[in-house]
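Data block below; observations after.
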Amino acid sequence: MPLNRRTFLESSAALGAGAALAAGTAGTAEAHGARPKPAKRYSFTVMGTTDLHGNVLNWDYFTDKEFDDKAHNDVGLAKISTLVNQVRADRGRRNTLLIDAGDTIQGTQLSYYYAKIDPITRTGGPVHPMAQAMNAIGYDAAALGNHEFNYGIPVLRKFEEQCDFPLLGANALDAKTLRPAFPPYSIHRLRTPHGKDVRVAVLGLTNPGIAIWDKANVNGRMVFPGLEEQAAKWVPKLRSMGADVVIVSAHSGSSGTSSYGDQLPHVENAAGLVAEQVPGIDAILVGHAHTEIPEYRIANKETGKEVVLSEPLKWGQRLTLFDFDLVWAKGRWTVEKVAAQVLNSNTVEEDPEITGLLADEHKKVVAYVNTVIGTSTAAMTTADAPWKDEPIIDLINVVQAETVQAALAGGAYASLPVLSQASCFSRTARIPAGEITIKDAAGLYPFENTLEARLMTGAQLKEYLEYSAKYYVQTPAGAPVDTAKLTNADNTPDYNYDAVYGLTYEIDIARPAGQRITGLSFEGKPLDPAATFVLAVNNYRASGGGAFPHVADAEQLWANSDEIRNTIIQWVQAKGTVDPGRFASVDWKLTRDGVPVF
C-alpha cells in the first residue's frame, strides 16, 4: 500500500504574537572583553489529547443528559477547543502544535451513528463529526488507536480522507509489502524570530493488540510490529532528516504490561519502554491506558537523557501541554528543557463554534437513541453487578446464548449445552421499568464487540473461572467488606471480569487467586471436566483480550459480524417485553469459607 501523501507533511508559519523568548549569554565573547552576545532562544508548546472515543460535546448519549461523574469531570472536543484557544492566545498561535494519541472514532452513540446508521462511507455521505470538530480546532497530527479499526478499514480510510491532518501509524504495516500503510510521521516547521526554523517531528505509533482484537478486520491486510522496534527504526531517520525535536504520539500505555499474554511478542503498554530504549526522543504523548499522567520522566538507558511523558485523561477530560525551551548552539537548535502538565476541561465552557458546527448531528443522534424498542416489567441496574449476579448481566447472557443456539441449530453442535460470558462494562447502566429505548439497551454494551461460539471443556471452563476470579481482592473471613476496595485486584478492570451463565458456582474470596471456585456444577451435578460445552463469547475475549486461558485457542464454531449491542436491541424488539422473571437467576455468589458475603 503506498505511503499517504501527507507522510512527509510540513507546516510552516510566521512568528505570531506572544512568542516566549528568553535572554541568554554567550560566554566566549567575555574573553575578548566584548559585550556578551545573547544566545538565540525559542519556546513553543505542543498540546495533546488522547482516547477521545467519539466525544465531541459534553453529553452522555447513554443517559441522554450532560455528562457528569463523581469528580465532576467534563468531556468532549468542544471543551478542549476552548482550552486550546486559551493556550494559543497565551503562547502565540504559531508557537503551538496540537496532536492526538488515538482512539478517536469509537465509543459514543454519535460515533456509532456515523459509522453504522448513516455511515460516512455511503455515496454522498456525511463528514464524520470527529473529523469536522478536529479540523475546525486545527489538529496537526493524530496517531491511530486500536479502536480506529473497529468499524473496518473502509470506514477508517474514509475518516482519514475527511481529516485535514495525517493519521500516523509507523507500526501499522501492509501485510504483503511490510511498508507503512499509513504515514509514519509528520514534520512541522515553526518559524522563530532568529531566521532559524525549528523542525518538529511527530512519530505515530499504535497498539500491536489490533492484530488480536480486530483480527476479522485486519488479518491478511495489516500487521503491527512492536512500538520499540519501529521507534528504533524511525527516530534516527527523523534526526538525520534534520528534526530538531522528536515527539512520539503513542497509543500505548506506559506500564510495560499486556492484556493479551504471550499471544503476541510485543508489549501492549510500551510507551515507557520506548522512552527507555530508543535514544533521540524528547517527549511522548501517551494514550490507550485511560489514566491521567501529568508528567512522568524516564531516563534513556543509552544516553541518560530524560524523556518527558504525559497522558491526558480520556474523552477530552484533560489537555496535555508540553512546553519546550530551545537554544541555538553550534549551528542547530537543541532542546534545553521540557516540562509537561495537564489542563482540566471542566474549568471552561464549551466552544460555541464547535457546538454550533455539530448541532444538527447531535439532534439526529439524540432522536435515534430515544427510539422506543420495547418494555421491561422491572427496573434493572449494574450498580452491584461487579460483586452480585444481577438480572441485567443475565440479560446480556441470555441474548448471547439464545443467539448462538439459534445459529447452531440443525448442525453438528446443536445438541451441546450453550454457556455465555459477560462483563459489567459500566456500573451506571440501567434498564428502567416501562419503556426501553435504544440508549438503554446500548448502554449495557458500550463496546463494538461481536459474538462468537467457542468449544470448551469443563476443565477449561474451571480454569477460565479461576482466572476471572482474580479480579477480587483477597478478604479474610470475618473481615469487613468494603465494595469500593473489593474489586480490581492487580488493576484488573471491570471488563476483564467474566460471569459465566449456565453454570452454578461460588467464589471464595478468602482464598488466594487460583483456588477460589467451589461448588462448580452444571444442571445440579458437579461439572464433568471432560464434558464439552459451547461458550458464547465476545470477539475481544475470544481473540485473547484479557489473556483468559484456553478460549483464544478453542475451536471456533460460529462467528457473527454484528455488534452484540445491536443483537441486544434486536432481541428486545423481537420480544417486545423483557421479563427478568423468565431468565434471571442467582448462579454465582461470593463466599468466605462457604458463608455468602452478601
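Within segment 382-415, the set of residues being of a type in the set (A, V, I, L, M) and surrounded by fewer than 17 Cβ atoms within 10 Å (Cβ to Cβ) comprises Ala383, Ala406, Ala409, Ala412, Ala414.
Residues in segment 51-81 that are among the charged types (D, E, K, R), over 18 Å from the mean Cα position of the chain (by Cα) and surrounded by fewer than 24 Cβ atoms within 10 Å (Cβ to Cβ): Asp64, Lys65, Glu66, Asp68, Asp69, Lys70. Here are Ala547, Ala479, Ala552, Ala559: which of them is small (Gly, Ala, Ser) and part of a helix (DSSP H, G or I)? Of Ala547, Ala479, Ala552, Ala559, the one residue that is small (Gly, Ala, Ser) and part of a helix (DSSP H, G or I) is Ala552. Residue count for segment 176-185 under the criterion of being assigned to a loop (DSSP other than H, G, I, E, B), out of contact with any helix residue (DSSP H, G or I) (no Cβ under 8 Å at 6 or more places or on another chain) and either closer than 19 Å to Val248 by Cβ or aliphatic (A, V, I, L, M) (or both): the result is 3. Pairing residues of segment 78-106 that are small (Gly, Ala, Ser) with residues that are part of a strand (DSSP E or B) and open to solvent by 10 Å² or more (accessible area, probe 1.4 Å), at Cβ distances under 8 Å and at least 6 apart in sequence or on separate chains, gives Gly92/Ala20. Taken as a whole, segment 510-527 holds no residue that is outside any loop (DSSP other than H, G, I, E, B), crowded, with 19+ Cβ neighbours inside 10 Å, touching a residue at least 24 places away in the same chain (Cβ under 8 Å) and among the aromatic types (Phe, Trp, Tyr).
Mind listing just one residue for me: the one in segment 287-334 that is among the hydrophobic types (A, V, I, L, M, F, W, C) and more than 27 Å from the chain's Cα centre (by Cα) and, of those, surrounded by the most Cβ atoms within 10 Å (Cβ to Cβ)?
Residues of segment 287-334 that are among the hydrophobic types (A, V, I, L, M, F, W, C), as a first pass: 289, 293, 298-299, 307-309, 313, 315, 319, 321-322, 324, 326-329, 333.
Now restrict to residues that are more than 27 Å from the chain's Cα centre (by Cα): 324, 326-329, 333.
Details: Phe324: 27, Leu326: 24, Val327: 16, Trp328: 18, Ala329: 13, Trp333: 24.
If we take residues in segment 287-334 being among the hydrophobic types (A, V, I, L, M, F, W, C) and more than 27 Å from the chain's Cα centre (by Cα), then Phe324 is surrounded by the most Cβ atoms within 10 Å (Cβ to Cβ).
The residues in segment 225-275 that are open to solvent by 10 Å² or more (accessible area, probe 1.4 Å) and within 17 Å of the chain's Cα centre (by Cα) can be counted, and the count is 9. Residues that are modelled with pLDDT of 95 or more, touching a helix residue (DSSP H, G or I) at 6+ places or on another chain (Cβ under 6 Å) and assigned to a loop (DSSP other than H, G, I, E, B) within segment 255-280 comprise Ala270, Val278, Gly280, listed in sequence order. I'm trying to understand the selection: among the residues of segment 167-209, which are among the acidic types (Asp, Glu) and closer than 24 Å to Asn150 by Cβ? Result: Asp174, single match. Residues that are open to solvent by 50 Å² or more (accessible area, probe 1.4 Å) and basic (Lys, Arg) were ranked within segment 550-587; the one that is nearest to Ile392 (Cα to Cα) is Arg582. So, Tyr151, is that one touching an Asp or Glu at 6+ places or on another chain (Cβ under 9 Å), farther than 28 Å from Ala270 by Cβ, crowded, with 24+ Cβ neighbours inside 10 Å and modelled with pLDDT under 95 or not? Criteria not met by Tyr151.
Is it true that Ala442 is open to solvent by less than 20 Å² (accessible area, probe 1.4 Å) and under 19 Å from Asn566 (Cβ atoms)?
Numbers: open to solvent by less than 20 Å² (accessible area, probe 1.4 Å): yes; under 19 Å from Asn566 (Cβ atoms): yes.
Spelling it out, Ala442 is indeed open to solvent by less than 20 Å² (accessible area, probe 1.4 Å) and under 19 Å from Asn566 (Cβ atoms).
The values are calculated or read from the model by the stated rules, or taken from the named source; none is laboratory data. Just so it is clear, the structure is predicted and the values come from calculations on it, not from any experiment. FYI the Cβ positions are ideal-geometry reconstructions off the backbone, even for glycines, and counts take in every protein chain you see. Heavy atoms of the whole protein, side chains included, go into the accessibility calculation; ligands, DNA and RNA do not. Shrake-Rupley method; radii C 1.70, N 1.55, O 1.52, S 1.80 Å.
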